[in-house]
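Report on the following structure.
The values are calculated or read from the model by the stated rules, or taken from the named source; none is laboratory data. Computed from a prediction, not measured in an experiment: that's the story for all the values here. Every residue, glycine as well, gets a Cβ built from its backbone with ideal geometry; the counts of neighbours run over all protein chains shown. The area values use the complete protein model at the heavy-atom level, side chains included, leaving out ligands, DNA and RNA. Shrake-Rupley method; radii C 1.70, N 1.55, O 1.52, S 1.80 Å.
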There are 2 protein chains.
Amino acid sequence: MAKDMTLYWGSGSPPCWRVMIALEEKNLCGYNSKLLSFEKQDHKGPEVMKINPRGQFPAFQHGKIIINESFAICEYLEDTFKGQGTALVPEDKGERAMMRQRMHEGNTLMGKFIDVAFYLWRVPEAERNDATLKRNKEALTAELKLWEGYMQKGPGPYLAGKNYTMADVIVFPIIAFLVRMGLCEEKYPKLTAYYNHLKSRPSIQKTWPPTWKDTPGQPMLKDL
Amino acid sequence: MAKDMTLYWGSGSPPCWRVMIALEEKNLCGYNSKLLSFEKQDHKGPEVMKINPRGQFPAFQHGKIIINESFAICEYLEDTFKGQGTALVPEDKGERAMMRQRMHEGNTLMGKFIDVAFYLWRVPEAERNDATLKRNKEALTAELKLWEGYMQKGPGPYLAGKNYTMADVIVFPIIAFLVRMGLCEEKYPKLTAYYNHLKSRPSIQKTWPPTWKDTPGQPMLKDL
């Protein structure tokens, strides 16, 4: 039981989701799970701001230790509970290097997605420019093709090879977000197959974003 | 001697610089250091593309292992040469958690800087919008104030506490870039003091970007 752990999270956020998957993989049940609302701006409220001065989810506390960066929380959990649950860092040196490479590339994948999605969601309409959006979409397409190629050429079936690793914990929620936003199965068959392979994994099923269960996604990426 | 290692790099890039600092800290001398040119688009040339399909510096090979993400290379070096040179991962659990938190926050600091700098350097003038640039500058200012606060409140003198760690390897090159771009000492005295404290560290001195030695920076950030 992980009663001395508290996680503040918002539904559908890949950084939050990966932390929840890591907690499941490390068999850390019974933590204080505080589901809050992005819409109500709970992430800017005093409870979260006290732990995370950035006013963001996830915000995480274990005893006296506070960590808020999702990569850092996942690494902390693996480090602190090494012998418990799934070993998320592979023993093989080459696979470990690949795991690290892919998990950090996940930041770029997320960044290119954000450049498209947030441009539509957050940049005021008066400031938007078709040429910028077109360039951002081209950059995301190139990024998706790169990952499709990784899945095609790589040893698989997981991101770093034959074992489920931290790279999958980190990157799967991004892929799932892309699928929800309309990623085209015909153009990205390997990425879609990876998604279909992992989506029924118990740690992922158990932590599936509650707001995704009853609402459809947006077909934002269907042309990419 | 690290003759079985090759690093392709460009001068002044924080991701390249942090890898070079890590190599020095781990006493990995004599690697094949391939300084190439951003201006000549060497990062898009066949030599680099063969190792890094993103066409970016750094590109790194050790024997058969290829890693290109700078965080991943630094972690790989620490992992592979644990008992050699500086121990970049502290023994204390709390300090280790703080190291992880700060190093990943480094990505946000770099991102906010890029949102300002690349807006001026890379977005075509016809697409630029004063409101966007103003918002990006405000976001960078808030980010800089956060880090100034960390240095003020934190145990120091290093980012994770009393020891020089991976967090400093990762983040120092960003701070140095900010200083070169005109970071105001009066507004950010603690960040400037951190820069001044670390800049003469042997690993940093030895790897100082060669193109920075003879050219001035730009006062881009002086008003922030």
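Within the stretch A:97-108, work out how many residues are more than 7 Å from every other protein chain (Cβ to nearest Cβ) and surrounded by fewer than 22 Cβ atoms within 10 Å (Cβ to Cβ).
Final tally of qualifying residues: 1.
I'd like the residue in the stretch A:109-130 that is part of a helix (DSSP H, G or I) and within 11 Å of chain B (Cβ to nearest Cβ) and, out of all such residues, is nearest to B:M110 (Cα to Cα).
The selected residue is A:G111.
If we scan the stretch B:138-150, do we find a residue that is among the acidic types (D, E), more than 13 Å from every other protein chain (Cβ to nearest Cβ) and touching a strand residue (DSSP E or B) at 6+ places or on another chain (Cβ under 7 Å)?
Scanning the stretch B:138-150 turns up no residue that is among the acidic types (D, E), more than 13 Å from every other protein chain (Cβ to nearest Cβ) and touching a strand residue (DSSP E or B) at 6+ places or on another chain (Cβ under 7 Å).
Would you call A:A176 in contact with a helix residue (DSSP H, G or I) (Cβ under 9 Å, 6 or more places away or on another chain), assigned to a helix (DSSP H, G or I) and open to solvent by 30 Å² or more (accessible area, probe 1.4 Å)?
The answer is no for A:A176.
From the residues in the stretch A:198-217 that are surrounded by 13 or more Cβ atoms within 10 Å (Cβ to Cβ) and without any contact (Cβ under 8 Å) to a residue 60 or more places away in the chain, which one is farthest from A:W17 (Cα to Cα)?
Step by step, filter the stretch A:198-217, then rank; the result is A:G217.
In the stretch A:184-192, is there at least one residue being of a type outside the set (F, W, Y), surrounded by fewer than 16 Cβ atoms within 10 Å (Cβ to Cβ) and not in a loop (DSSP other than H, G, I, E, B)?
Yes, there is a match, as at least one residue in the stretch A:184-192 is of a type outside the set (F, W, Y), surrounded by fewer than 16 Cβ atoms within 10 Å (Cβ to Cβ) and not in a loop (DSSP other than H, G, I, E, B).
Going by the structure shown, is B:G63 out of contact with any helix residue (DSSP H, G or I) (no Cβ under 9 Å at 6 or more places or on another chain), open to solvent by less than 60 Å² (accessible area, probe 1.4 Å) and either facing chain A (nearest Cβ under 7 Å) or modelled with pLDDT of 95 or more (or both)?
The answer is yes for B:G63.
Got at least one residue in the stretch A:26-43 being in contact with a Cys (Cβ under 6 Å, 6 or more places away or on another chain) and of a type in the set (A, V, I, L, M)?
No: the stretch A:26-43 contains no residue that is in contact with a Cys (Cβ under 6 Å, 6 or more places away or on another chain) and of a type in the set (A, V, I, L, M).
Of all residues in the stretch B:108-151, which are out of contact with any helix residue (DSSP H, G or I) (no Cβ under 8 Å at 6 or more places or on another chain), farther than 27 Å from A:I51 by Cβ and among the charged types (D, E, K, R)?
Selection gives B:R122, B:E125, B:D130, B:K134.
How many residues, within the stretch B:48-58, are over 15 Å from A:T108 (Cβ atoms) and surrounded by 14 or more Cβ atoms within 10 Å (Cβ to Cβ)?
Residues in the stretch B:48-58 being over 15 Å from A:T108 (Cβ atoms) and surrounded by 14 or more Cβ atoms within 10 Å (Cβ to Cβ): 3 in total.
Aliphatic (A, V, I, L, M), within 21 Å of the chain's Cα centre (by Cα) and either open to solvent by 30 Å² or more (accessible area, probe 1.4 Å) or assigned by TED's automatic domain parsing to the domain that holds B:F172 (or both): does that describe B:I73?
no
Quick check, is A:R100 touching a strand residue (DSSP E or B) at 6+ places or on another chain (Cβ under 7 Å) and closer than 24 Å to A:V169 by Cα?
Yes; evaluated as a whole, the condition is true for this residue.
Within the stretch A:1-21, which residues are over 27 Å from A:G217 (Cα atoms), open to solvent by less than 10 Å² (accessible area, probe 1.4 Å) and outside any loop (DSSP other than H, G, I, E, B)?
Within the stretch A:1-21, A:M5 is the sole residue that qualifies.
Inside the stretch B:186-201, can you point out the residues that are charged (D, E, K, R) and within 16 Å of B:W147 (Cα to Cα)?
B:E186, B:K187, B:K190
Take the stretch A:76-96 and flag every residue that is farther than 24 Å from A:P155 by Cα and facing chain B (nearest Cβ under 10 Å).
Once the filter is applied, which keeps residues that are farther than 24 Å from A:P155 by Cα and facing chain B (nearest Cβ under 10 Å), the stretch A:76-96 yields A:Y76, A:D79, A:T80.
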